[in-house]
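Each reported figure results from applying straightforward, stated rules to the coordinates on display, with no laboratory input. Keep in mind that what you see is a predicted model, and the values were worked out from it rather than measured. Every residue, glycine as well, gets a Cβ built from its backbone with ideal geometry; the counts of neighbours run over all protein chains shown.
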Amino acid sequence: MQHTDQPESQSSKVQGSATQSTTTEAPTTNQPSKFRVIRRNGKVTDFDQSKIQVAMTKAFLAVEGGQAAASRRVRETVEKLGDQVFMALFRHMEDGGTVHIEDIQDQVELAMMRSGEHKAARNYVLYREKQNEKRARAKARADKDESIPKEPSEVLHVIDADGNRKPLDLQRIDTIITEATRGLKGVTKDLIIKDVRRNLFDGMAESDVNASITMTARVLIEKDPNYSHVTARLLMDGIRAEALGYIYGEPKDATQKDMLEIYPEYFGKYIQRGVELNLLDSELNRYDIPRLAAAIKPERDKKFTYLGLQTLYDRYFIHLGKTRIELPQAFFMRVSMGLAINEIDREARAIEFYELLSSFDFMSSTPTLFNSGTLRPQLSSCYLTTVPDDLDGIFSAIKDDAMLSKYAGGLGNDWSRVRGLGSHIKGTNGESQGVVPFLKVANDTAVAVNQGGKRKGAMCAYLETWHIDMEEFLELRKNTGDDRRRTHDMNTANWIPDLFMERVAKEQSWTLFSPEEVPELHELYGKAFKAKYEEYEQLAAEGKILNSKVVQATDLWKKMLTMLFETGHPWMTFKDPCNIRSPQRHTGVVHSSNLCTEITLNTSDEEIAVCNLGSVNLPHHVNENGIDHKKLEKTITTAMRMLDNVIDYNFYSVPQARKSNLRHRPVGLGLMGFQDALYIQDMAYATEEAINFADNTMEAVSYYAIQASSDLADERGTYPSYEGSLWSQGILPIDSVEMLKQERGQFIEQDQSVSMDWDSLRAKVKSQGMRNSNTMAIAPTATISNISGVSQSVEPVYQNLFVKSNLSGEFTVINPYLVEDLKALDLWDDVMVNDLKYFDGSVQPIDRVPEHLKAKYATAFEVDSRWLVEAASRRQKWIDQGQSLNLYMVEPSGKKLDSLYKLAWVRGLKTTYYLRSVGATHVEKSVDASSNKAPVTAEPGSAAPLACSILDPDCEACQ
């Protein structure tokens with residue numbers, strides 16, 4: 001029987017539903033079932049769909065009389081509801097599963113209520129209550145009357161991996177649940193134990209016990225966020241059994257308390273075994289392992305949320321086949337050992353790095369976490385290349401992309417030099433097909449080379465706005481048209497000169513060129529670009545340039561915006577601020593950004609730019625009184641050392657990347673958890689107060705990052721291309737804002753206020769130099785934020801409550817700050833949970849939530865994106881690279897987008913990232929964000945096509 005949410009004919013049930021990718025069929029009464037039921041006495045029986053239908057029919061009989069059973073409506077309703085109950089119970093158990101009878105009855109109640117059968121549902125509820133009371137009375141009589149023989153307490157058995165039957169250790173289960181709940185407010189040990197006991201049955205596989213316990217606690221997360229920590233600790237018990245069992249060669253259970261003694265011994269065995277299996281670098285065996293093992297802090301295994309630990313387990317831990325052999329603290333120490341491998345006292349540095357990572361004060365980027373300490377330590381996040389205008393060079397660049405993608409790097413490619421459609425080819429005396437066919441090849445390369453099987457390859461193609469193929473480039477992500485000229489998997493971005501934005505503002509014309517006829521434009525920016533561009537325009541007007549086209553700048557701008565909110569691409573990035581403010585403008589030109597638009601480094605035929613990323617956990621360095629400068633300085637000093645160490649230790653799959661990285665030594669220190677830091681200080685995102693906080697925190701990060709790099713230069717020497725840089729001239733990132741204003745002349749409004757002692761830092765940099773050409777970049781941080789249990793990057797919270805899915809099923813993620821505030825007002829209850837679910841995690845439509853909490857907990861789509869731009873502008877003045885900035889809009893329109901992206905340019909932003917919107921059904925339940933209006937009011941625009949609808953906002957390519 002096929003189970004769906006709608007009634008079907010018997011024939012359609014046999015054939016299955018075309019809308020489902022898999023078919024889950026309920027068993028009939030005359031065939032064995034792979035789905036089983038735990039009875040109240042602990043016995044396990046086959047699931048029987050007909051019993052659900054009988055129970056519901058009886059409920060209808062009670063309210064509709066004796067004719068109900070023969071009623072076609074009742075029969076169809078019962079059948080439909082039975083299907084819904086089955087799917088709710090077993091949709092994540094395609095290969096079979098076991099549920100408790102109480103869970104079945106709960107789902108029967110829910111199905112009848114959802115379908116509006118309230119009378120029948122009420123009868124069913126009353127029947128259950130009477131039966132529960134009857135059982136309770138019978139038990140009470142039996143307990144009181146000594147003449148009634150007592151049934152012996154049942155001993156449950158499990159089947160181990162060898163097929164042996166043995167008693168289930170219920171006392172140990174009680175111990176690990178006690179450990180998991182210890183020290184956490186709002187959680188109830190007895191509730192977990194009761195529910196766990198319900199889900200255990202005689203004869204279950206021993207390997208399923210931990211999963212059953214974990215899933216029992218996971219269901220409770222929506223009642224209180226601390227159940228997420230409980231669930232993580234219970235999951236940890238299973239992870240320990242898996243890793244210890246492999247390392248020790250025999251089954252080995254350990255409680256959290258046991259790990260105080262076991263961790264040091266396990267760590268040594270793990271390193272040795274990892275080296276033997278060629279999973280770890282043999283150099284790790286030459287460390288003073290006992291010294292490192294003694295520094296491990298087992299109690300930090302308790303810091304994880306469920307999502308954080310599950311993420312590590314699924315994707316990061318060293319494994320052999322499907323068996324994870326790495327525990328969390330061994331993981332952090334392994335990463336730290338790799339990063340300290342070239343240090344003089346490398347044990348001391350490894351411990352220092354371990355302290356930072358395991359406390360979540362700072363987290364290295366995903367490639368570093370993947371590969372540090374392994375045989376091929378590709379630790380860098382981002383690679384930027386420029387593609388030449390010849391066949392050999394184009395395919396060499398695509399091969400480089402494949403090699404870089406293979407080892408987990410995100411790619412940004414500059415394609416602006418490749419000649420356009422219709423251009424003359426000297427070698428064949430033919431006409432070029434333009435840049436688009438080569439982009440198609442690059443797109444397919446990214447799909448084919450999927451980062452070592454760990455995650456899909458990802459790249460972004462950049463094209464300057466004057467390129468003759470720009471109009472076709474804008475349509476690359478469309479789902480219509482010639483598919484041979486579409487790139488459905490590759491990101492795209494506009495590389496926009498200031499001159500184009502000026503022409504848009506002044507409603508003037510714009511000329512498109514093929515790059516082989518205007519070669520200087522690729523290497524120029526600012527006033528020099530403007531002069532040469534206008535010279536080429538004059539030559540084109542005189543007919544001296546063969547392949548050009550004049551368009552209205554506003555028409556091209558409108559098409560850029562149209563494609564942006566139809567396809568989500570190309571992203572808007574600005575060439576001139578990236579170059580004018582670049583510390584390395586003396587050594588070359590920034591021709592593009594990277595995959596996530598936060599890196600702004602020079603590229604050439606000889607150099608592939610590389611950047612190494614990591615992020616400070618901002619809420620760990622903020623309290624209700626503001627920034628903890630002492631701790632922040634300490635964290636950044638160590639973090640910068642870790643990032644600098646990556647450069648020498650890193651595995652480079654292409655020589656141009658190694659040459660560039662060793663010559664310039666750029667790193668990208670960023671931050672995450674900005675929204676959490678606002679919550680801690682009771683600030684709403686859409687306020688001047690929050691904008692000032694963004695300014696002050698980034699100023700502190702900038703100050704300490706530059707100071708740390710300068711101190712490293714004093715210890716290790718300046719980077720080779722330092723002389724002639726802005727640093728060497730005493731020009732810091734905050735000073736380069738004035739250079740942009742002087743170069744642009746107008747259309748620039750960016751704050752330049754400071755609050756720290758920058759004069760002394762300038763003097764230090766001029767005296768000691770800099771170890772790194774670039775020091776800061778704010779990346780998306782999707783996965784490392786999950787690991788650390790904080791919000792992504794500088795984003796507003798996406799939803800206050802949402803459901804995540806993994807291989808084990810669905811679980812709730814909930815905003816712990818919101819819950820804490822609601823508890824303080826005695827507003828946290830089951831009704832509030834249901835309201836949050838219905839309103840997609842929004843508190844705005846919930847009447848009993850106070851207005852100040854509605855402002856504080858406004859989600860990304862409820863905060864006008866202009867607030868995000870204003871905060872980003874304040875951060876940008878301190879950053880020598882860029883920031884990955886998503887923009888959110890519930891109902892995008894041409895007018896709104898025009899206003900927003902012009903504001904981003906005028907405020908001095910270097911780049912923007914995704915434009916995110918919500919689906920129509922979500923819009924119906926959304927509220928007007930008028931309470932969070934931006935500093936500058938704009939008239940509402942007309943309805944427009946949906947923007948890039950991204951329901952899961954994670955980006956894993958950088959961090």
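Rounded to the nearest 20 debye, the dipole magnitude of region 313-428 is 460 debye, with +1 charges on Lys and Arg beta carbons, -1 on Asp and Glu beta carbons, and the Cα centre as origin. The reciprocal of the average 1/r between distinct C-alpha atoms defines the Kirkwood hydrodynamic radius, which for region 688-753 equals 14.0 Å.
Each Cα pair under 8 Å and six or more residues apart adds its sequence gap; the mean of these over the residue count of region 116-261 is a relative contact order of 18 percent.
Excluding residues fewer than 8 places away in the same chain, name every one of the aspartates and glutamates whose C-alpha is closer than 20 Å to that of K558. Answer for K558, where 20 Å is the Cα cut-off: E464, D469, E471, E472, E475, D498, E502, E507, E566, E891, D898, E939, listed by chain and number.
For R172 and E688, the FRET efficiency from 1/(1 + (r/R0)^6), where r spans their Cβ atoms and R0 equals 45 Å, is about 0.20.
Using Cβ point charges alone (K and R +1, D and E -1), the dipole size of the chain about the Cα centre works out to roughly 1720 debye.
For the chain, what is the percent of antiparallel DSSP beta bridges, rounded to the nearest 5? Antiparallel bridges make up about 45 percent of those DSSP assigns within the chain.
Start at zero, step by 5 Å, and the Cα-Cα distances of region 609-782 spread as 1, 8, 16, 18, 19, 16, 12, 7, 3, 0 percent across the bins.
Listing S514, S893 from fewest to most neighbouring C-beta atoms within 10 Å gives S893, S514.
Once you charge only the Cβ atoms, +1 for Lys and Arg and -1 for Asp and Glu, what is the size of the charge dipole of region 158-359 about its Cα centre, to the nearest 20 debye?
In total the dipole reaches around 500 debye.
Note on K34: aspartates and glutamates with a C-alpha under 12 Å away, same-chain residues under 8 apart excluded, are E25, D46, D48, E94, D95.
Secondary-structure-derived ellipticity at 222 nm for the chain, considering helices only, amounts to -14000 deg cm²/dmol, per-run term -39500 (n - 2.57) for DSSP H runs with n ≥ 4.
Taking +1 at the Cβ of each Lys and Arg and -1 at the Cβ of each Asp and Glu, which of L669, G268, A348 sits farthest along the dipole of the chain towards its positive end, judged by Cα position relative to the Cα centre? With unit charges placed on the Cβ atoms, the residue in question is G268.
Going by a ≥ b ≥ c, the root eigenvalues of the Cα gyration tensor, does region 455-595 fall in the rounded group (a/c under 1.5), the prolate group (a/b larger than b/c) or the oblate group? Mind dumping the intermediate values first?
Working: a/c = 1.73, a/b = 1.24, b/c = 1.40.
Taking the square roots of the gyration eigenvalues as a ≥ b ≥ c, region 455-595 is oblate.
Compute the FRET efficiency between Y838 and E542 as 1/(1 + (r/R0)^6), taking r as their Cβ-Cβ distance and R0 = 60 Å, and round to the nearest 0.05. E between Y838 and E542, to the nearest 0.05, is 0.35. Close amide H contacts of N623 (hydrogens built in the peptide plane, cut-off under 5 Å, sequence separation of 5 or more or a different chain): D628.
Couplings 3J(HN,Hα) for region 880-895, derived from phi with the Karplus relation 6.51 cos²θ - 1.76 cosθ + 1.60 (θ = phi - 60°), are 7, 10, x, 9, 7, 10, 7, 10, 10, 8, 5, 10, x, 9, x, 5 Hz, where x marks Gly and Pro.
List the residues whose amide H sits under 5 Å from the amide H of L671, counting only those 5 or more places along or on another chain, with H placed 1.01 Å from N in the peptide plane. Amide H to amide H, under 5 Å and 5 or more residues apart or across chains, L671 pairs with V616, A779. A simple rule links phi to the HN-Hα coupling: the Karplus curve 6.51 cos²θ - 1.76 cosθ + 1.60 with θ = phi - 60°, which for region 387-402 gives 9, x, 9, 8, 4, 4, x, 4, 6, 5, 5, 5, 5, 4, 4, 5 Hz, with x for Gly and Pro.
Our summary gives the chain a relative contact order of 10 percent, counting only alpha carbon pairs under 8 angstrom and 6 or more residues apart.
Taking label points 7 Å from Cα along the Cα-to-Cβ direction, K119 and H157 give a separation of 5.1 nm. Dividing the C-alpha radius of gyration of the chain by 2.2 N^0.38 Å, with N its residue count, gives 1.03. For the residue pairs K302/K823; K322/K406; K189/K837; K80/K322, the C-alpha atoms sit more than 28 angstrom apart in K80/K322. What the Cβ-Cβ distance of K902 and A448 gives, at R0 = 45 Å and to the nearest 0.05, is a FRET efficiency of 0.70.
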